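Following: one structure in structure tokens, then a few remarks.
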Amino acid sequence: MNINELTDFLIKCRLTLMISNQEMLKIIKISQNSDNLEQDAFSFLKNKWTWEKFDQFLLLFRDQNASGILAINYLSDEYPSTLREIYNPPALLFYRGNIKLLITNCIAIVGAREATQYSYRCINGLIPKIKGKYTVVSGLAKGVDGWAHQSAINNNVDTIAIIGNCLDDYYPSNNKKLQDSIFEYGLVISEYPPGCHIRRWHFPQRNRIIAGVSQKVIVTEAKERSGSLITAEIALQENRDVYAIPGKISDSLSRGCNKLIEEGAIPLINFNEL
């Protein structure tokens with residue numbers, strides 16, 4: 001089975017909404033020494049699941065059609081080596097846009113959804129400095145994420161949005177125009193297939209991919225407990241360079257960044273250093 005056939009098989013598995021990422025990673029491993037992947041994969045699932053669950057999966061699997069769905073898997077050439085190194089790397093990534101951006105040098109810019117003009121000014125000062133060096137990665141959320149993507153587009157800098165919903169959905173809805181622009185000029189990726197509804201836990205899961213594809217991560221503003229800090233902590237665990245923009249100790253949205261600096265993140269005070 002070639003790489004495209006493997007991808008199509010995994011897409012059909014994922015469209016059932018019954019199979020976990022870990023199970024798909026196991027199927028990918030099985031594929032590397034299999035002459036009949038469907039038979040061997042089904043045997044693995046039969047042994048792991050109850051008969052009732054497997055029968056339900058098989059009925060759903062037979063109804064799926066991978067035609068027209070763009071995706072790459074863990075073994076694809078476009079899958080970045082840095083992402084393979086993280087814990088529980090996504091077995092399958094759905095995408096729309098220029099998939100080759102995924103193997104460029106990437107820098108993530110993340111921060112609070114309710115960020116202030118301080119983040120806005122920092123982002124617009126930072127993006128022109130990294131033009132030609134990095135692709136800007138973020139999560140297409142309200143606030144810092146959206147500003148980072150929009151500034152990248154405004155400055156003709158490549159950008160990748162990693163989202164916690166399927167590609168057919170727009171979340172938040174007021175980022176629809178921005179998401180459509182990234183479809184056209186950049187890349188949007190998700191590990192969630194068409195028809196998969198948004199769940200709160202999708203977003204922390206999404207953060208590991210943001211950290212995984214990036215060589216460096218920048219946090220502008222963040223509360224002490226936030227998704228941005230989850231991304232930064234994953235990046236630190238994976239030996240990425242993590243930068244935090246320092247702020248006033250009295251500002252709640254700077255406490256997360258100041259805490260990161262206290263824990264070893266690099267204070268970003270000169271955008272020319274990146």
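Derivation of every value follows stated rules applied to the coordinates shown; laboratory data play no part. Everything quoted here is computed from the prediction, not taken from an experiment. All Cβ positions, glycine included, derive from the backbone under ideal geometry; neighbour counts span all protein chains shown.
Overview of values
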| read-out | value |
| --- | --- |
| Cα gyration tensor shape for the range 3-69, rounded if a/c is under 1.5, else prolate or oblate | oblate |
| Contact order normalised by residue count of the range 20-95, Cα under 8 Å, 6+ apart, percent | 37 |
| Using θ = phi - 60° and Karplus 6.51 cos²θ - 1.76 cosθ + 1.60, couplings along the range 81-91 (whole Hz; Gly, Pro as x) | 4, 5, 6, 5, 7, 7, 5, 6, x, x, 6 |
| Test item: Cα-centred dipole of the chain, Lys/Arg +1 and Asp/Glu -1 on Cβ, debye | 640 |
| Antiparallel DSSP beta bridges within the range 55-178, as percent of all bridges there, nearest 5 | 35 |
| Radius of gyration and maximum dimension Dmax of the range 182-226, Cα, Å | 13.0, 35 |
| Estimated vicinal HN-Hα couplings, Hz - the range 3-15 in sequence order (Karplus 6.51, -1.76, 1.60; Gly, Pro = x) | 5, 5, 5, 4, 4, 4, 4, 5, 4, 4, 4, 5, 5 |
| Rounded tilt (10° steps) of 144-154 against the dominant C-alpha axis of the chain | 90 |
| Charge dipole (the chain, unit charges on Cβ, about Cα centre) - positive-most of Ser254, Ile28, Gly68 | Ser254 |
| Gain upon complete extension [Asn270, Lys46; 0.36 nm per residue less C-alpha separation] | 75.0 nm |
| On Cα atoms only, tilt of 176-185 relative to the major axis of the chain in degrees | 80 |
| Karplus (6.51, -1.76, 1.60) ³J(HN,Hα), θ = phi - 60°, over the range 262-271, in Hz, Gly and Pro reported as x | 4, 8, x, 5, 8, x, 8, 10, 9, 5 |
| Estimated D of the range 130-243 in µm² per second, where Rh is the Kirkwood radius over Cα pairs and Stokes-Einstein applies at 25 °C, 0.890 mPa s | 172 |
| Of every Cα-Cα pair in the range 96-185, the percent that sits beyond 16 Å | 48 |
| Spin-label zone in the range 18-40 - amide nitrogen under 15 Å from a point set 7 Å from the Cα of Trp201 along the C-beta vector | 18-23 |
| Helical contribution to [θ] at 222 nm, DSSP H n ≥ 4, -39,500 (n - 2.57), averaged over the chain, rounded to 500 | -13500 deg cm²/dmol |
| Under 5 Å, built H, 5+ apart or other chain: amide partners of Tyr243 | Val217, Ile218, Val219, Ile266 |
| Low-density loop cleavage sites - trypsin sites (Lys or Arg not before Pro) in the range 198-274, where at most 14 other Cβ are within 10 Å (DSSP) | Arg199, Arg200, Arg225, Lys248 |
| Angle in degrees between helix 51-62 and the longest Cα principal axis of the chain, rounded to the nearest 10 | 80 |
| Residue-count net charge about Glu221 - beta-carbon cut-off 15 Å; Lys, Arg +1, Asp, Glu -1 | +4 |
| Antiparallel DSSP beta bridges within the chain, percent to nearest 5 | 25 |
| Virtual spin-label span in nm between Asp168 and Asn154, 7 Å along Cα→Cβ | 3.4 |
| Where only alpha carbons of the chain are counted, the Rg and the Dmax (Å) | 19.5, 62 |
